[in-house]
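FYI, it's all coordinate maths here, none of it is from the lab. Note that this is a predicted model, so its numbers are computed, not measured. Counting neighbours? That spans all protein chains shown, and the Cβs are built from the backbone with ideal geometry, glycine included.
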Amino acid sequence: MIGTSLGKIYSFKTNDGSSEAQPYQAVGAETPITQLVTLNNIDDNEAFLMLSDGKEVLIYVHNKKDVREVDFGEDGQMYMHEQICKV
């Protein structure tokens, strides 16, 4: 998986170098994807934590082509739009 500065995710197979036909537009076209981290042990899903523009954490489910917001609850609201240094 490669996230781009234009909010797209490209998927490649390491065994033969092939890629999916079309990249997935995960976030806005002007919003970079700054980090993708594999989430292990998620049954039947290829899930990743995705850091968008260094400020927003999302869940990207590759096999469903779905992006979900992470809700940090009421206490986490004070950190919204702050720079995230490590996922």
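Residues Lys8, Lys55, ranked from the fewest to the most other C-beta atoms within 10 Å, line up as Lys55, Lys8.
A Gaussian network model of the chain, with springs between Cα atoms under 10 Å, assigns the largest mean-square fluctuation among Val27, Val70, Val57 to Val70.
Working from label points 7 Å from Cα in the Cα-to-Cβ sense, the Val70 to Gln35 distance is 0.8 nm.
Each residue of region 15-31 was assigned a 3J(HN,Hα) from its phi angle through the Karplus curve 6.51 cos²θ - 1.76 cosθ + 1.60 (θ = phi - 60°); the sequence is 6, 10, x, 6, 10, 5, 4, 10, x, 9, 7, 7, 9, x, 5, 9, 10 Hz, with glycine and proline shown as x. Over all pairs of different C-alpha atoms, region 2-79 has a mean inverse distance whose reciprocal, the Kirkwood radius, equals 13.4 Å.
What number, in percent, do you get for the relative contact order of the chain if the mean sequence gap of Cα pairs under 8 Å and at least 6 apart is divided by its residue count? Worked out over the chain, it gives 20 percent. Note on Val61 and Ser19: with the Förster distance fixed at 25 Å, the Cβ-Cβ geometry gives a FRET efficiency of about 0.85.
Between Ile42 and His81, what FRET efficiency comes out of the Förster formula 1/(1 + (r/R0)^6) with R0 = 41 Å and r the beta carbon distance, rounded to 0.05? Could the numbers behind the result be given before it?
Details: r = 27 Å, r/R0 = 0.67.
Approximately 0.90, to the nearest 0.05.
Between the exposed loop cleavage positions of the chain, defined as GluC sites (Glu not before Pro) in a non-H, G, I, E, B DSSP state with at most 11 neighbouring beta-carbon atoms within 10 angstrom, the longest gap is 31-81.
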